Amino acid sequence: MKRRTFIQNASLSGVGLVAGAAAIGCNNKTESNVPVDAAGKEAVLPVVIATWNVHDATAKAWEVLEEGRSALDAIEAGCRVEEANAEGQSVGIGGLPDRDGNVTLDACIMDKDGNYGSVVYLQDIKHPISVARKVMEDTPHVMLAGAGARQFALESGFEAEDLLTEKSRKAWEKWKETSEYKPIINIENHDTIGMLAIDANGDIAGGCTTSGLAYKMAGRVGDSPIIGAGLFVDNEIGGATATGLGEEVLKTVGSFLIVELMRQGKSPQQACKEAIQRIVAKNDNIDNFQIGYIAVNKKGEVGYYGLQEGFWVTKYQEGKNENSASDYYNKKS
Ligand code: SD4
């Protein structure tokens, strides 16, 4: 799809939000929300960005955007790719279990209107991102947990299945042989998918889905399904999402912080970096865990920053689906 929009230049602090401008070239478009800068240059849209090396997921999200569908649809479709990938051991089927051998999943989704849906400690359902969307769209609540979330999923037509694959069961059994309860996130156990998208109409959505920390205590929930921590979207400003040790993201309300820093004028990159610095300031020992943030602003600019080396992101923009290693804080010489 070639995006052709006719945008009037209405500048608001350098970035104008043009409501009601005609937009053609995409099927389902009504009015454009695509920002232009003071010089009349349009944001480079659409854009999809996700944590880690998730080419297939970003490609799927891009395909949905190219059909002229919403950022929300793109996020759900993209996240489902990783949830269905049994080889990935941090998301959906194949996710590493807690220390008792239970696979428990957390996910959330947020749309352009600030609506949010989430599931925590969900068992036996492969696509928590879709259950989260159903919570958002079909219930008066924003979060369902555990047995209630499972019951809601089954009543909504999702099927129960065993999510513990042979590969993950073997890894858990091996872990038990030497187990010392000291989970280290994202140094060897990562790939939680946090994804942000802006559609051709200029609207932003985000999602985050994970099996959480491998071999966690039963009942443990991380940042990924918690609004403001693992994900936050404000369609006037931008969005942010996180991967890494959820406890540290939760304590600093990382994604909300990044969006607020962008509201104050920081670029997505500067905002992600400052959110990592907040974590550094509160921790004496930053060597043993990883955190990675990604962000987009309304202009379609992206940013990403890690605590440690080894945080990768995948971005699909201007027709290119590319991986990049992020810059990071803990540069040991
Ligand atoms: C959590 N943030 O549950 C998630 C884990 C993660 O890549 O990001 N893994 O704390």
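Here is how the numbers come out for the structure above:
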{"quantity": "Label point 7 Å beyond Cα of Lys251 along Cβ direction - residues of region 195-237 with amide nitrogen under 19 Å", "calculated": "213-214, 216-217, 220-231"}
{"quantity": "Taking all pairs of distinct alpha-carbon atoms in region 57-204, Kirkwood radius in angstrom", "calculated": "16.0 Å"}
{"quantity": "Residue-count net charge about Leu257 - beta-carbon cut-off 14 Å; Lys, Arg +1, Asp, Glu -1", "calculated": "+1"}
{"quantity": "Average projection area in nm² (convex hull over Cα atoms of the chain, one quarter of hull surface)", "calculated": "16.6 nm²"}
{"quantity": "Local net charge near Pro35, Cβ-Cβ under 9 Å (Lys/Arg +1, Asp/Glu -1)", "calculated": "0"}
{"quantity": "Contour minus Cα-Cα distance for Gln277 and Ser324 (0.36 nm per residue)", "calculated": "14.8 nm"}
{"quantity": "Accessible area per residue in Å² at 1.4 Å probe, computed on the chain", "calculated": "42 Å²"}
{"quantity": "In sequence order, calculated HN-Hα J values of region 313-330 (Karplus, 6.51, -1.76, 1.60; Hz; x Gly/Pro)", "calculated": "10, 10, 10, 10, 8, 6, x, 10, 9, 10, 9, 9, 7, 7, 5, 8, 7, 7"}
{"quantity": "Mean Cβ count within 10 Å, highest first, over the residues of peptides 234-241, 84-91, 108-115, 322-329", "calculated": "234-241, 108-115, 84-91, 322-329"}
{"quantity": "Whole-number percent relative contact order across the chain, with pairs defined as alpha carbons under 8 Å at least 6 apart", "calculated": "19 percent"}
{"quantity": "Lysines with Cα under 27 Å of Lys273, excluding same-chain neighbours fewer than 8 positions away", "calculated": "Lys41, Lys112, Lys182, Lys251, Lys282, Lys298, Lys299, Lys315, Lys320, Lys331, Lys332"}
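The values are calculated or read from the model by the stated rules, or taken from the named source; none is laboratory data. Owing to the predicted nature of the structure, the values given are computational and were not obtained by experimental measurement. Positions of Cβ are generated from backbone atoms using ideal geometry, with glycine treated the same way; all protein chains shown enter the neighbour counts. Ligands, DNA and RNA are stripped out before the accessible areas are found, and what is left, the full protein with its side chains, is counted by its heavy atoms. Shrake-Rupley method; radii C 1.70, N 1.55, O 1.52, S 1.80 Å.
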